[in-house]
Amino acid sequence: MFRIRRIHDDVSPTNQRALARVQEMLRAQFPGVASTLIDGLPDTLRDPLAHQLRTVVLVAEGAARKLRGFAVLMHAPDLAFCYLDFISARPGELGRGVGGALYERVRDECRMLGAKGLFFECLPDEPQDVSDPAHLVQNAARLRFYERYGARPIANTEYNAPVRPRDTDLPYLVLDDLGVGRPLQRKEGRAIVRAILERKYAWLCPPEYVDKVVRSFRDNPVKLRPFRYQKRPARRPAAAVLPDDERILLVVSEPRDAVHPRERGLAEAPVNTGVIRRELARLQIFQPARPKVFADGLLHGAHDPKMLTYLKRVCSSVRSGEATYPDVFPDRVTSVAPTDLAVRAGYYCLDSLTPLSRSAWFEARRAVDASLTGAQALLAGRTFAYALTGSPGHHAAAQRFGGSCYLNAAAVAAAFLARQGKVALLDLDYHHGSGHQSIFWTRGDVLTVSIHAHPRYAYPYFSGFAHERGEGEGAGANVNMPLPERVDGALYARYLHKAVQLVRRFEARFLVVSLGFDTGKGDPTGSWDLDADDFEANGACVARVGVPTLFVQEGGYPTRSIARNARRFFVGLVQPERPGLVIARRA
């Protein structure tokens, strides 16, 4: 048994080990490949458009993640084609399905990327083109395999003309139309072959040779060699649906028995996770997962143990279905925590509107587990994870809770990921991420950026100003972008673009996004006018950070548009890089 997954980067330890094994196989099985190209494979993943070709690495792994095969695919977005650079199974894997499964996954990736076709080279199977007749059998077997998918050499061109007089056994250029049956026009073929020769073989092919090969594409449409090894096969169109390993891991923690502060005149309630979950279930870009249970000690990365102990005790002391509220707030400088649990609430709480109920600790703790489940998935090589919880957390600080936030799930996850390198924490909720700012105020390894309504008129009122930049090692690592009371999609997009540029310059290895949908038009706790199109554009903008990303749900209150806005955000996150991807399930 084996599974195939895509490696997007060399950030996680899991991906680093897999790439190292791919490089070992490349050196062993392709001794003619320059060592600089093999050594630079991780760099091509970090720079996705190096030489105008985006690198895609697929690995087939068995038990204990043992590498059984790999493929390296190049994608040219400007010309909408893919080029298969390498595909190989480990010696001894022939006949076990690894090569075939890898090739089928390559075709799937090409369709999702919106490619017009998949191009690659194969050594010749014509006797006059082969210097050693012993190689004919192997070359023919390889071309016979690809013919099963309708892939054949392009005919009537000089692609296999020698660059130097001594060159022999020159490869054919093979085209797989991915089962679509769309003929390749001459103009398209010329542009693609020029791109292959100039971008991949610039070190070898002089301009006059490139021009000669390009001019040799005279047929319109481009012709393929007739089928040689079998009758014309039935079309085998590649899929355009994300495989499980590339889907967004969706970790849902729905509230069960939460008590909300409606009796104090507030409209807000935790995000309606059920509405969002049902809407996202229509999409084929999510893989559901249950929250794992993590040790309480991981909460200490963001919260003071004394505050945690108090919160757990006071919640367990409240009768089911009831709530208590802080109503006495001491002088923060000289105060001592009172003995009475109920009175002590004001010592740890930011406001008088955050209820302490029997379920509050439980729901907040499950939200932390959901976020850590997503963070752990990033460390295992997942690109995106979404912790959809009903207990927001971005106002919870190291020693304080408030704003209906008890535990800061996003901050706990960011601290957990920071063990592996720098992390950026981007807050996209309508309200300032005051807890993030407080927790990481003196840390330089976590960049906190918050785009929010100006504290002159929006909660939490006392933080979120532009001059608050951090202290000590964290000086400059806290960035606030307070915006006016009325904001449309265009203005928000400008600031989000600035935030993304800041994150990219910080060179974070991971991104955690506190995702609020209370920025949408009509939200009862906000005043902005973002619509579904804006949320899709925002998702596409966040995707440009280009690092493994965890989304943790924050605000967003029961309105008719919240589920639609959530859906469009995640469509924007994955669709731009995969224009051929099927997003929604068929009815």
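The values are calculated or read from the model by the stated rules, or taken from the named source; none is laboratory data. Quick caveat, the model's predicted, so the values are computed rather than measured. With ideal geometry, Cβ positions are generated from the backbone for all residues, glycine too; neighbour counts draw on all protein chains shown.
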Selection from the stretch 239-255 of residues farther than 30 Å from Ser359 by Cα and not in a loop (DSSP other than H, G, I, E, B) yields Asp244, Asp245, Glu246
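I'd like the full set of residues that are closer than 24 Å to Arg247 by Cβ and outside any strand (DSSP E or B), limited to the stretch 512-532.
Once the filter is applied, which keeps residues that are closer than 24 Å to Arg247 by Cβ and outside any strand (DSSP E or B), the stretch 512-532 yields Gly516, Phe517, Ala532.
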By residue number, the members of the stretch 294-325 that are in contact with a helix residue (DSSP H, G or I) (Cβ under 6 Å, 6 or more places away or on another chain) and loosely packed, with under 11 Cβ neighbours inside 10 Å are Ser320
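Okay, residues lined up against (1) among the hydrophobic types (A, V, I, L, M, F, W, C); (2) in contact (Cβ under 8 Å) with a residue 12 or more places away in the chain:
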{"position": "Leu53", "(1), (2)": "yes, yes"}
{"position": "Val59", "(1), (2)": "yes, yes"}
{"position": "Lys66", "(1), (2)": "no, no"}
{"position": "Phe70", "(1), (2)": "yes, yes"}
{"position": "His75", "(1), (2)": "no, yes"}
{"position": "Asp78", "(1), (2)": "no, yes"}
{"position": "Phe86", "(1), (2)": "yes, yes"}
{"position": "Arg90", "(1), (2)": "no, yes"}
{"position": "Ala101", "(1), (2)": "yes, yes"}
### Query
Does Gly526 meet the test of being among the small types (Gly, Ala, Ser), over 21 Å from Arg277 (Cα atoms) and in contact with a Phe, Trp or Tyr (Cβ under 8 Å, 6 or more places away or on another chain)?
yes
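Restricting attention to helices (runs of 4 or more DSSP H) lying wholly within the stretch 1-103, give those where 1 or more residues are farther than 21 Å from Val547 by Cα.
Per the criteria, 13-29, 35-39.
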Looking across the stretch 303-326 at residues that are under 38 Å from the mean Cα position of the chain (by Cα) and assigned to a loop (DSSP other than H, G, I, E, B), the single one that is nearest to Glu363 (Cα to Cα) is His303
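Within the stretch 348-357, is even one residue at pLDDT 85 or above, in contact with a Lys or Arg (Cβ under 8 Å, 6 or more places away or on another chain) and of a type in the set (S, T, N, Q)? Give the steps one after another, and end with the answer.
Keep residues of the stretch 348-357 that are at pLDDT 85 or above, which gives 354-357.
Subset that is in contact with a Lys or Arg (Cβ under 8 Å, 6 or more places away or on another chain): none.
Checking the stretch 348-357: not a single residue is at pLDDT 85 or above, in contact with a Lys or Arg (Cβ under 8 Å, 6 or more places away or on another chain) and of a type in the set (S, T, N, Q).
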Those residues of the stretch 173-225 which are touching an Asp or Glu at 6+ places or on another chain (Cβ under 7 Å), aliphatic (A, V, I, L, M), farther than 24 Å from Pro237 by Cα and touching a residue at least 40 places away in the same chain (Cβ under 8 Å) amount to Val213
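With respect to Ala409, is the statement that it is in contact with a Ser or Thr (Cβ under 9 Å, 6 or more places away or on another chain), modelled with pLDDT of 95 or more and over 23 Å from Tyr310 (Cα atoms) true? If you could, list the steps in order and put the result at the bottom.
Working: in contact with a Ser or Thr (Cβ under 9 Å, 6 or more places away or on another chain): yes; modelled with pLDDT of 95 or more: yes; over 23 Å from Tyr310 (Cα atoms): no.
The answer is no for Ala409.
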